[in-house]
Amino acid sequence: MIPYGRQDITQADIDAVVGVLQSDFLTQGPMVPRFEQTVAQHVGASHALAVNSATSALHIACLALGLGQGDWLWTSPVTFVASANCGLYCGAQVDFVDIDPRTYNLCPKALELKLAQAERDGTLPKVVVAVHLCGQPCDMQAIQELAQRYGFKVIEDASHAIGGKYRGEFIGNCRYSDITVFSFHPVKIITTAEGGMTLTNNAELASRMALLRSHGITRDPTQMTHDADGPWYYQQIDLGFNYRMTELQAALGVSQMERLDQYVGRRHQLAARYNELLARLPITRPWQHPDSYSGLHLYVIRLQLDKIGRSHRQAVDLLRGMGIGVNLHYIPVHTQPYYQRMGFHVGDFPESERYYAEAISLPMFQTMSEEQQDDVIAAVRKVTAP
Ligand SMILES: *Cc1c(COP(=O)(O)O)cnc(C)c1O
């Protein structure tokens, strides 16, 4: 089976991890700060905090922005559940903004309309999570302008988008947001096995997230209520978690970062080849906004079902039967049973549901060969025949 995504682990990666195993620190050593500096410098952010997953990163990002009971978090329905769940972790309520039918990202016009209504109802969001689906950035300038007008905070869920650019600058520099989050799960662009990171240019947010990452504990005398009792002393000044990344993971991350630009470049080559060789089939290929350079975590096609002799489900089953590990990103979050119990219904976000009825993620990973890609293309041609 050709998987839809797969990590690339080199001998240099293995040596880096083994080096940590033989060192004094398996956790809380020098490698995590080194990974943080490497990523922060690469993308152009002032502060970076490595954590054990993007899910944890989203959680502490929301808490640092003050999200809590009585507040609202809004995001796109077409995302992994973690982009919405982070609001629920904080006791806030979650709502969704439908997608743009071309980019599949949260639609800024739908956002504007919903904000105007929420202002009348007194239910404006405190946080909007902008998900860069497939690696293509959201319309961040429009979102930032609305954030200023309506007073909400912006988190970029850039789990798909490390290495990509918006208007010529790396995603993660937080020019249009308060906090950006990356994921390093093995299917994503670079990996630390499990792992994530939050980035910000705001020192206070960075310091709050650093506390939340490790139990709410500080060893910084300027943050304590009184002088230290002795050299062993620390104070818990907030309720935090253990969301720390290990040294092994950070060493793998530092090593993977060396190949980030190469990885994204390879994904662009593969996407260009898909674009060319799938051009005449009854499918909609990904639309690339001219303003941005996608991280290209995913290559999603949409079936033009009126021109194809089979259903979406039949096409997926046939592709899998032919050894093509296609997938679907994502089941709209508001249709999940947990969210339906909160009052959401099928039909609430029609563009997202239409997308779900037609979308298929084709295999896309840096080590994919042209032969493998040709197999995928031949199979897609077969299942999309009239
Ligand atoms: C993968 C992913 C996450 C969660 O990442 P983890 O590191 O697995 O916690 C969150 N949001 C999006 C959009 C993702 O794709």
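The values are calculated or read from the model by the stated rules, or taken from the named source; none is laboratory data. A quick note: this is a predicted structure, and the numbers were derived from the prediction, not measured. Neighbour counts are summed over all protein chains in view; Cβ atoms, including those assigned to glycine, are modelled from backbone coordinates with ideal geometry. For accessibility, only protein heavy atoms count, side chains too; no ligands or nucleic acids. Shrake-Rupley method; radii C 1.70, N 1.55, O 1.52, S 1.80 Å.
Using a 1.4 angstrom probe, figure out how much accessible area region 260-384 has per residue, in square angstrom, rounded to the nearest whole. Please report the intermediate quantities before stating the final value.
On the way: 5810 Å² over 125 residues.
Using a 1.4 Å probe on heavy atoms only, each residue of region 260-384 averages 46 Å².
For the chain, modelled as a Gaussian network with Cα springs under 10 Å, which listed residue fluctuates most, Gln256, Gln236, Gln11? Its mean-square fluctuation being the largest, the pick is Gln11.
Measuring between their Cα centroids, region 309-361 and region 58-94 lie 23 Å from each other. Using all pairs of distinct alpha-carbon atoms, the Kirkwood hydrodynamic radius of region 260-384 works out to 15.8 angstrom. Solvent-accessible surface of region 145-206, taken per residue with a 1.4 Å probe and all protein chains present: 32 Å². Scaled to the compact-protein estimate 2.2 N^0.38 Å, what is the alpha-carbon radius of gyration of region 188-293, rounded to two decimal places? For region 188-293, the normalised Cα radius of gyration comes out at 1.70. Counting only DSSP beta bridges with both residues in the chain, what percent are antiparallel, rounded to the nearest 5? Given both bridge residues lie in the chain, the antiparallel proportion sits at roughly 65 percent.
If you build the convex hull over the alpha carbons only and average its shadow over all orientations, what do you get for region 73-164? Give it in nm² to one decimal.
On the way: hull surface 22.3 nm².
Its Cα hull, projected and averaged over all orientations, spans 5.6 nm².
Only lysines eight or more places from Lys188 in sequence, or on another chain, were considered; those with a Cα closer than 27 Å are Lys153, Lys165.
Restricting region 258-351 to GluC sites (Glu not before Pro) that sit in a DSSP loop and have at most 16 other Cβ atoms within 10 Å of their own Cβ leaves Glu258.
Considering region 1-155 at the alpha-carbon level, its Rg and Dmax are found to be 18.8, 61 Å. The local environment of Asn173, defined by Cβ-Cβ distances under 14 Å, has a net charge of 0 under the rule Lys, Arg +1 and Asp, Glu -1. The residue list Leu65, Thr27, Gln148 was ranked by how far each Cα lies along the charge dipole of region 2-257 toward its positive end, using unit charges on Cβ atoms, and Gln148 comes out on top. Highest GNM mean-square fluctuation among Leu21, Leu58, Leu303, for the chain modelled with Cα contacts below 10 Å: Leu21.
This model, with +1 at the C-beta of Lys and Arg and -1 at the C-beta of Asp and Glu, gives region 260-384 a dipole about its Cα centre of some 280 debye.
So how strong a dipole does the chain carry about its Cα centre when Lys and Arg Cβ are +1 and Asp and Glu Cβ are -1, to the nearest 20 debye? Mind dumping the intermediate values first?
Working: 32 positive and 39 negative charges, 212 e Å.
That gives the chain a dipole magnitude of about 1020 debye.
So, with a 1.4 angstrom probe, what is the percent of accessible area on the chain that is carbon and sulfur? Before the final figure, lay out each step's value.
Details: 8440 of 16730 Å².
C and S atoms contribute 50 percent here.
Each of Ser292, Phe349, Gly321 was placed along the dipole of region 260-384 (beta-carbon charges, centred on the mean Cα), and the one lying farthest toward the positive end is Gly321. Here the Kirkwood formula, the inverse mean of 1/r across different C-alpha pairs, assigns the chain a hydrodynamic radius of 21.8 Å.
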